[in-house]
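Below: one structure, written as structure tokens.
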Amino acid sequence: LCPQGQLLAKSWSSLFEGQSGAALRGPIYSFNGRNVLTDPLWPQRLAWHGSTPRGGHARRWDCQGWRSSGTAEGMASALGEAQLLAGHRHNCSTP
């Protein structure tokens with residue numbers, strides 16, 4: 001539950017295993033208080049994780065050592081997907 005009492009997921013494991021109800025159910029706020037699911041400053045709405053679908057470290061796709069001039073890719077998942085770790089490669093420069 002988030003501080004306002006809204007259910008974000010049925011269980012911790014459902015966020016990672018894609019069980020029913022794994023889609024996030026409430027707003028997600030940035031550190032400056034913006035709702036990343038609706039705010040236009042968050043056009044991609046991605047959760048960057050650098051993990052494999054099983055939760056291991058995706059060494060080639062974690063954006064570690066990324067520089068703004070680079071073309072590195074990292075693993076990220078759309079926040080609306082039912083599986084948080086079912087990511088796809090995205091350019092590390094993606095806002």
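For Trp66, only one of the following conditions fails: (1) at pLDDT below 85; (2) open to solvent by 80 Å² or more (accessible area, probe 1.4 Å); (3) within 21 Å of Ser30 (Cα to Cα); (4) more than 10 Å from the chain's Cα centre (by Cα). What is its number?
(3)
Kindly indicate whether Gly56 is of a type in the set (Gly, Ala, Ser) and out of contact with any strand residue (DSSP E or B) (no Cβ under 6 Å at 6 or more places or on another chain). Don't jump to the end; show me each part of the working.
On the way: of a type in the set (Gly, Ala, Ser): yes; out of contact with any strand residue (DSSP E or B) (no Cβ under 6 Å at 6 or more places or on another chain): yes.
So Gly56 fits the description; yes.
Can you run down the residue pairs with Cβ atoms below 9 Å, 6 or more apart or on separate chains, where the first is in the range 40-64 and β-branched (Val, Ile, Thr) and the partner is part of a loop (DSSP other than H, G, I, E, B) and modelled with pLDDT of 80 or more?
Thr52/Ala58
Where residues in the range 6-56 are of a type outside the set (D, E, K, R), on the phi > 0 side of the Ramachandran plot and at pLDDT 70 or above, which of them is least open to solvent (accessible area, probe 1.4 Å)? Lay out the reasoning, then the answer.
Taking the range 6-56 and keeping what is of a type outside the set (D, E, K, R), we get 6-9, 11-16, 18-24, 26-33, 35-38, 40-44, 46-53, 55-56.
Those still in the list that are on the phi > 0 side of the Ramachandran plot too: 18, 21, 33, 50, 55.
Filter once more, so that each one left must be at pLDDT 70 or above: 33, 50, 55.
Details: Gly33: 52, Gly50: 6, Gly55: 45 Å².
Among residues in the range 6-56 that are of a type outside the set (D, E, K, R), on the phi > 0 side of the Ramachandran plot and at pLDDT 70 or above, the one least open to solvent (accessible area, probe 1.4 Å) is Gly50.
The values are calculated or read from the model by the stated rules, or taken from the named source; none is laboratory data. Bear in mind the structure is a predicted one, so any value in this text is a computation, not a measurement. Backbone-built Cβ (ideal geometry, glycine too); neighbour counts: all protein chains shown. Remember, those area values only see protein heavy atoms, side chains included, never the ligands or the DNA or RNA. Shrake-Rupley method; radii C 1.70, N 1.55, O 1.52, S 1.80 Å.
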